[in-house]
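Trainee: Dropping a structure here in structure tokens format, bear with me for questions.
The values are calculated or read from the model by the stated rules, or taken from the named source; none is laboratory data. Note that the structure is a prediction, hence the values are computed from the model and not measured. Glycine also receives a Cβ, built like all others from the backbone with ideal geometry; neighbour counts cover every protein chain displayed. Only protein heavy atoms, including side chains, enter the accessible area calculation; ligands, DNA and RNA are left aside. Shrake-Rupley method; radii C 1.70, N 1.55, O 1.52, S 1.80 Å.
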Amino acid sequence: MQAPAPVAQKAAQPSPIMVETPIVPSKGSISVDVPAVKVAILLPLSGESSAVGNAMLDAATMAVSDSYLTIASDQIHSRIILIPKDTGQTAADTKVSAQQAIDQGATFIIGPLFSQSVNAIAPIAKEKHIKLLTFSNNSAVAEEGVYVFGFLPEQQIDRMSEYAYLHNFQRIALLAPNDAYGEKVKTRLIDSYGHKGGTVAPVELYAPSPSNIDAAVTRLSQTYANLPEERRFQAIFIAEGGTQLKNIIAALKKSKIDLTKIKLIGTGQWDDPGIAKIPEMQGAWFPAAPPEAYDIFEKRFVATYNYQPIRLASLAYDAVTLVSTLTMATPGSGITTEALTDPAGFIGPANSLYRLNPDGTSQRQLGIMEVSGDGFKVIDPALKHF
């Protein structure tokens, strides 16, 4: 099957890419005289996050192959040499990897994944006038020349809050972990709902253990039972996914809260097929990038590598496609600040519309998904423009 052509607002097709290591795709009829742009991609290729990093590298490599299949050789004005580097176990390791890539001639960096690693390499990159397109979802690391490409929780919270409030859920409760992420969710949710005239109460933050989750849900249940019906919360915002979400659902089932009367809402952490298998999650809402684009990416990935990609892998695919798009028509590097921060944005082939802001933050147009027995269905589509 021919690969789908990655598409962006600024150009219809991406440029071809060469990968230095570990995979070197066929060059086809690309002339060696075409100017090269060296781009580092920093990922956790070893250690406890190696499965994540290697899936993201596979996605980046797939973007390489797709680019070769969707561009005529006479349209090639520059080519990319992609330089993968392992970020190791610490921010210091990432710093070493970044310096190695720069020494090898990298003029742009995709990655790293973790915010502490971004902070470690940002000064080196700025000194060399090299821009970063990071996979972090922490807006605190964003600045001019350091672009946060991850799915920002603030945008997910704002999108979910707007939809829920407009559908008459004026009083919601919050269950969130007692950590930096939970505090960020709490602050943003209270601010977002408060500006609309809604209420976030009670707020229960918990340490990450089943016993602490049980205690937090018990307090939530007692508050619910002690309030008159007209003052009870109508929905619960749960800032968790995976195993911890299952623990919360188990605790809610034991509580006095009738989940048939309370809407469960959350973030993009719920964009996981396993969520649909939890009976109590049926009818729950969460924000996510338009699923059609991701479905195409996922099928291509499975057909290529014979395993299911993690959600983050799609970011690597879109990141490589963006660099490809910006360099296609330009001899040498076309990855300028002006090009990266085009207000019209770009259409990522795996996650649809996004744009990078001059301050380093990013914006994505998100839809609202509803959990059903068949998976997820779109109940409020993402906008197709900014």
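Trainee: Based on this model, can you work out whether Leu220 counts as surrounded by 15 or more Cβ atoms within 10 Å (Cβ to Cβ), under 20 Å from Gln156 (Cβ atoms) and touching a strand residue (DSSP E or B) at 6+ places or on another chain (Cβ under 7 Å)?
Mentor: For Leu220, the condition - surrounded by 15 or more Cβ atoms within 10 Å (Cβ to Cβ), under 20 Å from Gln156 (Cβ atoms) and touching a strand residue (DSSP E or B) at 6+ places or on another chain (Cβ under 7 Å) - is not met.
Trainee: Can you tell me which residue among Leu132, Leu69 is more than 15 Å from the chain's Cα centre (by Cα) and in contact (Cβ under 8 Å) with a residue 60 or more places away in the chain?
Mentor: So the residue among Leu132, Leu69 that is more than 15 Å from the chain's Cα centre (by Cα) and in contact (Cβ under 8 Å) with a residue 60 or more places away in the chain is Leu69.
Trainee: Among the listed residues Leu205, Leu174, identify the single one that is touching a Gly at 6+ places or on another chain (Cβ under 6 Å) and not aromatic (Phe, Trp, Tyr).
Mentor: Every option except Leu205 fails the conditions.
Trainee: Looking only at the stretch 166-195, count how many residues are open to solvent by 50 Å² or more (accessible area, probe 1.4 Å) and in contact with a Phe, Trp or Tyr (Cβ under 8 Å, 6 or more places away or on another chain).
Mentor: Of the residues in that region, 2 qualify.
Trainee: Using beta carbons and a limit of 7 Å, which pairs, at least six apart or on different chains, have the first residue in the stretch 267-290 and assigned to a strand (DSSP E or B) and the second one β-branched (Val, Ile, Thr)?
Mentor: Note: pairs meeting the criteria are Trp285/Ile265; Trp285/Ile368; Phe286/Ile265; Phe286/Thr267; Pro287/Thr267; Pro287/Ile368.
Trainee: Which pairs have Cβ atoms under 6 Å, sit 6 or more apart or on different chains, and link a residue in the stretch 191-205 that is touching a residue at least 24 places away in the same chain (Cβ under 8 Å) to one that is polar (S, T, N, Q) and not in a loop (DSSP other than H, G, I, E, B)?
Mentor: The qualifying pairs are Ser192/Ser161; Tyr193/Ser161; Pro202/Thr223.
Trainee: Given Tyr317, Tyr307, which one is open to solvent by 50 Å² or more (accessible area, probe 1.4 Å) and hydroxyl-bearing (Ser, Thr, Tyr)?
Mentor: After ruling out the rest, the residue left standing is Tyr307.
Trainee: Got a sec? Which strands (runs of 3 or more DSSP E) wholly within the stretch 79-159 have at least 3 residues that are surrounded by fewer than 21 Cβ atoms within 10 Å (Cβ to Cβ), in contact with an Asp or Glu (Cβ under 8 Å, 6 or more places away or on another chain) and charged (D, E, K, R)?
Mentor: In the stretch 79-159, there are no strands (runs of 3 or more DSSP E) which contain 3 or more residues that are surrounded by fewer than 21 Cβ atoms within 10 Å (Cβ to Cβ), in contact with an Asp or Glu (Cβ under 8 Å, 6 or more places away or on another chain) and charged (D, E, K, R).
Trainee: Mind checking which strands (runs of 3 or more DSSP E) fall wholly inside the stretch 332-386 and carry at least 1 residues that are closer than 23 Å to Glu143 by Cβ and open to solvent by 30 Å² or more (accessible area, probe 1.4 Å)?
Mentor: Once the strands (runs of 3 or more DSSP E) in the stretch 332-386 are filtered for at least 1 residues that are closer than 23 Å to Glu143 by Cβ and open to solvent by 30 Å² or more (accessible area, probe 1.4 Å), what remains is 352-356, 362-364.
Trainee: Continuing with the same structure: Restricting attention to helices (runs of 4 or more DSSP H) lying wholly within the stretch 176-264, give those where 1 or more residues are closer than 24 Å to Phe151 by Cβ and at pLDDT below 95.
Mentor: It comes to 180-196, 242-254.
Trainee: Any residue at all in the stretch 6-18 that's modelled with pLDDT under 55, open to solvent by less than 40 Å² (accessible area, probe 1.4 Å) and polar (S, T, N, Q)?
Mentor: Looking for residues that are modelled with pLDDT under 55, open to solvent by less than 40 Å² (accessible area, probe 1.4 Å) and polar (S, T, N, Q), one finds at least one in the stretch 6-18, hence yes.
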